[in-house]
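Notes for the one structure printed next.
The numbers here are math on the coordinates, done by the rules we state, and not lab data. Just so it is clear, the structure is predicted and the values come from calculations on it, not from any experiment. A quick note on method: Cβ atoms are made from the backbone with ideal geometry, for glycine too, and the neighbour counts reach across all protein chains shown.
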Amino acid sequence: MPSSPQAEKPDLEPRTGSPSPRLSEKEFKLRFLNQFQDPAYEPLSAELAKIAKAAWDAYENSRKSPKTRKAGPGFADPKYDLATDWLAARDAIHEAQRRHEDPDGPIRFLLINGSSRSEHTCPSELSKSFRIVETARSVLEQNPWVKVSVLDLSRLTSEYGRQIHPCKACFSTSAALCHWPCSCYPNYSLGQIHDWMNDIYPLWVEAHGILIVTPVNWYHTSSPLKLMIDRLVCADGGNPDPTSTHGKHAKEAKELEMKGWDYPRHLEGRLFSVIVHGDTEGAENVRRSVSDWLKSMGLRSAGSLAEIDRYIGYWEPYATSHAAYEKDQAFQEEVRNAARTLYEAAAADRQDRPIAASSLLKQPREK
């Protein structure tokens, strides 16, 4: 009998060919110096020219991570130079995981305000999402042995130097190329700094329960929340050892993935609640998409009362939306019930009891 043909070897060559984004020295320095528009900088023009020259040197030589040290024991290549920023982020995640697993520690909750609106910048008014988070916090903090952390994403629009950079989609090249925590940032040569995610990852890791509140923005979540969602891709299947791919070596990552990748779920098992509010349309679909995203990462819904989509001031003026929220006592009680449900589920989980949260809670409206 003729021998069976050999299996075709997979083509793992990275595809390239898009236009280069590299800037000329003149264009780079124009962009770099454009950030110093305030007249207070005018007497410092000579100093700024020297700084721009140094920044150009870092850019021209692509010094993404200028401060590194040897990876050391526990890594696939102990002699590989890893960024000290990444190593610090990894240590913070490991400490957060220890807090999460501490049987004598408090039940930890992370409450996330997804709105970009804040009275401290252009809108001149806080968001309803922030008020909803505060309502949930007041419920959770009534319980003993609870620690609540609030992640207010509106600070992306109102706080100096606070950023979440976009995901660069390394996962689509290979799961093994997407490092946990993300190693794409900071990139000093490109000025991609002040990335908030290295502070955010430990908040997710240490939490036993996570409550997300977001408005509907054009049938989607808010843009700050979506930035964070995309940057959490490394928490679901990401590679905890950048030395195994020698940094961002695409072909090595592809080869590693093809040997068999186990897609580690770094946030698996945590409980969640989702509250979505809108004014005219899209709330139900956004709530479903956020819940489905969390479930796809291995997180668990705290229960039906923990997932809410509602309209505030339906087709009413935006100018009176806060007043509409204040009048809607039923919605506010639903928010409290979502927080109670999340707490009950987390407390039951801590005691290895079946999660049957919210069974005794009375809904503020039956239909």
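Name all residues of the stretch 56-74 having a backbone nitrogen under 15 Å from the label point set 7 Å from the Cα of Glu27 along its Cα→Cβ direction, giving them as ranges.
Counting only backbone N, you get 60.
Report for the chain the percent antiparallel among DSSP-assigned beta bridges with both residues inside it, nearest 5. All intermediate terms of the calculation are to be shown ahead of the outcome.
Numbers: 6 of 34 bridges.
That works out to approximately 20 percent antiparallel.
List the lysines whose Cα lies under 26 Å from the Cα of Lys226, skipping any in the same chain that are fewer than 8 positions away.
Once the sequence-local lysines are set aside, what remains near Lys226 is Lys64, Lys128, Lys147, Lys168, Lys248, Lys295.
Determine which residues of the stretch 11-50 fall in the zone a paramagnetic label at Arg63 would reach in this model, i.e. backbone nitrogen under 16 Å from the point 7 Å along Cα→Cβ.
Inside the label zone: 50.
Once each part is reduced to its C-alpha centroid, what is the distance from the stretch 241-316 to the stretch 141-197 in angstrom?
Cα centroid of the stretch 241-316 versus Cα centroid of the stretch 141-197: 15 Å apart.
Based solely on its DSSP helices, what 222 nm [θ] is calculated for the chain when runs of n ≥ 4 H residues each add -39,500 (n - 2.57) and the sum is averaged over all residues, nearest 500 deg cm²/dmol? Please list the in-between numbers first.
Working: 12 runs with 135 residues, N = 367.
Calculated at 222 nm, the ellipticity per residue is -11000 deg cm²/dmol.
Taking the mean number of other Cβ atoms within 10 Å as a proxy for protection, how do you rank 297-306, 259-268, 272-281, 117-126 from highest to lowest? Let's see the in-between values first.
On the way: 297-306: 19.7, 259-268: 12.4, 272-281: 22.9, 117-126: 14.4.
By packing density, highest mean first, the sequence is 272-281, 297-306, 117-126, 259-268.
Show me 61-69, 176-184 ranked by packing, highest mean number of other Cβ atoms within 10 Å first.
Numbers: 61-69: 13.0, 176-184: 24.8.
Those peptides, ordered most packed to least, come out 176-184, 61-69.
What does the charge count near Asn143 come to, summing +1 for each Lys or Arg and -1 for each Asp or Glu among other residues with Cβ under 13 Å from its Cβ?
Values: positive: Arg108, Arg137, Lys147, Arg336, Arg340, Arg350; negative: Glu141, Glu344.
Value of the local net charge: +4.
Please identify which residues in the stretch 95-116 have an amide N closer than 17 Å to a label point set 7 Å out from the Cα of Val150, following the Cα→Cβ vector.
Label zone hits: 109-116.
How large are Rg and Dmax for the stretch 201-307 when only the alpha carbon atoms are used, in Å?
16.3, 49
Taking Rh as the Kirkwood radius computed over C-alpha pairs, what is the Stokes-Einstein D of the stretch 140-279 at 4 °C in a medium of viscosity 1.567 mPa s, expressed in µm² per second? Don't skip to the end; give the middle numbers.
Details: Rh = 16.7 Å.
Value of D from the Cα-based Kirkwood radius: 77 µm²/s.
Percentage of Cα-Cα pair distances in the stretch 67-350 greater than 33 Å, rounded to whole percent?
The calculated P(r) of the stretch 67-350 puts 26 percent of pairs beyond 33 Å.
Explain nothing, just compute: Karplus ³J(HN,Hα) = 6.51 cos²θ - 1.76 cosθ + 1.60, θ = phi - 60°, for every residue of the stretch 116-130 in order, whole Hz, x for Gly and Pro.
So the J values, rounded to whole Hz, are 8, 7, 7, 6, 8, 8, 3, x, 6, 7, 6, 9, 5, 4, 5.
Evaluate the Debye formula for the stretch 229-283 with equal point scatterers sitting on the alpha carbons, no solvent, and hand back log10 of I(q)/I(0) at q = 0.12 Å⁻¹, in q order, two decimals.
Here log10 of I(q) over I(0) equals -0.47.
Aspartates and glutamates near Lys70 by alpha-carbon distance under 20 Å, same-chain residues fewer than 8 away left out - which ones?
Asp81, Asp85, Asp91, Asp241, Glu252
Ranked from highest to lowest mean number of other Cβ atoms within 10 Å per residue, what is the order of the peptides 320-328, 217-225? Present the calculation step by step, with values, prior to reporting the outcome.
Values: 320-328: 15.2, 217-225: 18.7.
The most tightly packed comes first, giving 217-225, 320-328.
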